[in-house]
Structure formats: C-alpha cells, structure tokens
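Down below is the structure, laid out as structure tokens.
The values are calculated or read from the model by the stated rules, or taken from the named source; none is laboratory data. Only a predicted model underlies this, so the values are computations on that prediction, with no experimental measurement involved. Glycine also receives a Cβ, built like all others from the backbone with ideal geometry; neighbour counts cover every protein chain displayed.
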Amino acid sequence: MATRRTAAQTPPPTRRPTPPAAAPAVDAVDTRYLETLVGYNARRAALAVIEVFLPRMAVYGVKPVEFSVLSLVTHNPGITSRQLCTTLGLLPPNLVGMISGFEKRALIQRRPHPTDGRAVGLHLTPDGEKLMREAEQAAAALEGEATSGLSPAERKTLMRLLQKVYKPRSSR
C-alpha cells in the first residue's frame, strides 16, 4: 500500500541562492589615502631602490643588510658586533651567521678590542676593502639614478626628513 504525502510532509523546493550583483570593474586604482601615509611612501621608495640594488650588488655577493654591515665595518674599523646590532636593529643570532660568512669569504677578520678584553673588533681584510670600494661606488651610482628626478637640494632635504623619522632626537 502506497502512502501519500500531504502538503505538510512535502519538503519545500530547493532554491538556488541568487548570485550577488557583479561588482563594478576598477579601471584606475585609487591610492590617494595610502599616499598620505609616510610608511607607505617610504616603503614604495625603498622598494624602487632595492629593485635596482639587488642585481647590482649580486655581482659582489652582497644583500642589502650585508652591505650595511660591511659599510659600517669599512667606516668604523674595530666596530663590535654589539655596536652593529644596535646601529642596524639586528638580532645578534642573525649577525653571527653573517659575520661567519664574511670570514669564510675572507672579507673581514676579528681582532681583540683595544680597551675591552671581552669584545672583539671587526676589520676588513684587503679583499674586503677592495670589494667595498667597488660596492660603495656602485651604490652611490644607483642612488644617483634612483633620485635623478630630485635636485641636489631636494635629495638632501629628503635624506634629512627620512632621518628625522627613524633617528632618535638625541642623535640628530
């Protein structure tokens, strides 16, 4: 005997949800708000420079942070690892591997610190001096290219203003 379903027993028909209306296409991206932010502008400028920096420094086997470390050793013979970490905001474990890599490449050497028996000063080797002379010349050239749209006075102002953002007042 077949049973009949009553209206109360019949499941409602399944409805397909109606898709939302298609969003309008964006023809031009509005970046006006982001362009009011210092961090956004500084990051975009840094990315533009780093995009050129990376291939130019690859010739020397140097990444941006490594260039910064070697440049500080170049201009501060005897600088300690602690000073490097403080100046560049690096974590000591990250610097240890980098220094070891520089030693393996014969770019730097460690020497006893003249006044602190517990500290070790870092010095460039002759190979390190040669590499950094060339790398710093390349960096100066690419900085000139990257800021070619600025006058010398504008470039100097830009540098001063950026430094006001990241340097503590006492070191200016």
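Between 31, 86, the distinction of being farther than 27 Å from residue 137 by Cβ, among the β-branched types (Val, Ile, Thr) and not in a helix (DSSP H, G or I) belongs to 31 only. Restricting the range 65-83 to residues that are among the β-branched types (Val, Ile, Thr) and not in a loop (DSSP other than H, G, I, E, B), the residue that is surrounded by the most Cβ atoms within 10 Å (Cβ to Cβ) is 69. For the range 93-139, taking the residues that are within 27 Å of residue 54 (Cβ to Cβ) and of a type in the set (Asp, Glu), the one that is farthest from the chain's Cα centre (by Cα) is identified as 127. Taking every residue in the range 146-166 that is of a type in the set (Asp, Glu) and pairing it with any residue that is modelled with pLDDT under 90 and in a helix (DSSP H, G or I), at least 6 positions away or on another chain, yields no pair with a Cβ-Cβ distance below 7 Å. If you go through the range 108-130 and keep only what is in contact (Cβ under 8 Å) with a residue 24 or more places away in the chain, in a loop (DSSP other than H, G, I, E, B) and of a type in the set (Gly, Ala, Ser), you end up with just 119.
Table: residues versus (1) small (Gly, Ala, Ser); (2) surrounded by 11 or more Cβ atoms within 10 Å (Cβ to Cβ); (3) farther than 26 Å from residue 160 by Cα.
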site: 46; (1), (2), (3): yes, yes, no
site: 55; (1), (2), (3): no, no, yes
site: 63; (1), (2), (3): no, yes, no
site: 85; (1), (2), (3): no, yes, no
site: 94; (1), (2), (3): no, yes, yes
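Condition check: over 18 Å from residue 88 (Cα atoms) and either aromatic (Phe, Trp, Tyr) or in a strand (DSSP E or B) (or both). Does residue 133 satisfy that? Before you say what the answer is, go through the steps one by one.
Working: over 18 Å from residue 88 (Cα atoms): yes; either aromatic (Phe, Trp, Tyr) or in a strand (DSSP E or B) (or both): no.
So residue 133 does not fit the description; no.
Only one of the listed residues (107, 122, 158, 142) is surrounded by 15 or more Cβ atoms within 10 Å (Cβ to Cβ) and more than 23 Å from residue 59 (Cα to Cα). That residue is 122.
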